[in-house]
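Asker: Got a structure for you, written out below as structure tokens; questions coming shortly.
The values are calculated or read from the model by the stated rules, or taken from the named source; none is laboratory data. Just so it is clear, the model here is predicted, and its values are computed rather than measured. All Cβ positions, even for glycine, are placed from backbone atoms using ideal geometry, and neighbour counts span all protein chains on display.
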Amino acid sequence: MNTLPMLFQSPLLVAVPIGVLLTLALLMTAGLHVSGAKPEGVAKASGSYILKTFGLILVGLSSVQMTFATITMKMPSPPTIFALVLLFSIGLGVMIHESRRAASVDAASLAVPHLVFCYLCKVLGTIVVLLSALSLIMTFMFAKSSTGWEMPATLLLLGALLTTAASVHVEGKPQVKKRKR
């Protein structure tokens with residue numbers, strides 16, 4: 001079944017732009033309250049992080065499928081593998097491009113969009129880890145067979161990776177102190 005035409009149905013065509021517009025408006029409103037923030041910089045940073053989130057979704061979609069296929073040792077057909085690699089590559093390209101674009105924005109304008117993105121990733125990763133751990137525990141407790149653990153295990157691994165990466169990104173680069181001679 002081809003799901004591409006379903007993506008272009010009217011409710012989705014209305015909901016996605018409205019959601020992006022509301023997110024941009026909220027980030028702009030909050031970002032402009034930071035002292036020293038410039039409207040153009042806040043808009044550029046907000047747009048970059050919204051597109052970076054889209055790239056992360058593409059990477060996540062392909063990663064879940066490939067990790068699940070690896071855990072279950074049921075590799076998909078070559079066209080499916082090509083599609084997943086293409087999704088991963090496009091998502092990664094969008095993330096890298098938008099990270100470079102956001103790097104040119106001043107720190108005051110970047111502060112709010114950066115924090116919202118990092119903490120959103122951290123919270124969503126933690127929720128995925130908790131729900132998949134609960135699902136995994138309940139699968140082993142109540143299932144009569146040893147099947148059905150693969151998807152919760154996959155989501156547990158990727159949720160832990162997302163939470164860890166977001167935590168490191170929020171903390172920033174460690175400060176290296178120079179020794180006095």
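Asker: Given the conditions (1) over 15 Å from the mean Cα position of the chain (by Cα); (2) closer than 25 Å to Leu155 by Cβ; (3) modelled with pLDDT under 90; (4) of a type in the set (A, V, I, L, M), and given that Leu84 satisfies all but one, which numbered condition is not satisfied?
Answerer: For Leu84, the exception is condition (3).
Asker: Applying the selection to the range 44-78, what residues are touching a helix residue (DSSP H, G or I) at 6+ places or on another chain (Cβ under 9 Å), of a type in the set (Gly, Ala, Ser) and without any contact (Cβ under 8 Å) to a residue 60 or more places away in the chain? Please lay out each step first, then the result.
Answerer: Restricting attention to the range 44-78, the residues satisfying the condition of being touching a helix residue (DSSP H, G or I) at 6+ places or on another chain (Cβ under 9 Å) are 44-72, 74-76.
Going one step further and asking which of them are of a type in the set (Gly, Ala, Ser), we end up with 45-48, 55, 60, 62-63, 69.
Listed by number, the residues that qualify are Gly47, Gly55, Ser62, Ala69.
Asker: Related question: (1) under 11 Å from the mean Cα position of the chain (by Cα); (2) more than 28 Å from His114 (Cα to Cα): which one isn't true of Phe68, the others all being true?
Answerer: (1)
Asker: Restricting attention to the range 127-152, and to residues there that are of a type in the set (Ser, Thr, Tyr) and touching a Leu at 6+ places or on another chain (Cβ under 9 Å), which single residue is surrounded by the most Cβ atoms within 10 Å (Cβ to Cβ)?
Answerer: To start, the set of residues in the range 127-152 that are of a type in the set (Ser, Thr, Tyr) comprises 132, 135, 139, 145-147.
From what is left, the residues that are touching a Leu at 6+ places or on another chain (Cβ under 9 Å) are 132, 135.
Details: Ser132: 20, Ser135: 17.
Filtering the range 127-152 for residues that are of a type in the set (Ser, Thr, Tyr) and touching a Leu at 6+ places or on another chain (Cβ under 9 Å), the one surrounded by the most Cβ atoms within 10 Å (Cβ to Cβ) comes out as Ser132.
Asker: Which residue is surrounded by the fewest Cβ atoms within 10 Å (Cβ to Cβ), if the candidates are limited to the range 87-110 and must be more than 27 Å from His33 (Cβ to Cβ) and either of a type in the set (Val, Ile, Thr) or at pLDDT below 90 (or both)?
Answerer: Once the filter is applied, the top-ranked residue is Ile96.
Asker: While we're looking at this one, here's another question. Identify, from the list Ala30, Ala15, the residue that is loosely packed, with under 11 Cβ neighbours inside 10 Å, among the hydrophobic types (A, V, I, L, M, F, W, C) and either under 17 Å from Leu162 (Cα atoms) or under 22 Å from the mean Cα position of the chain (by Cα) (or both). Even if it seems obvious, please write down each step before you answer.
Answerer: Details: Ala30 fails: loosely packed, with under 11 Cβ neighbours inside 10 Å.
The match here is Ala15.
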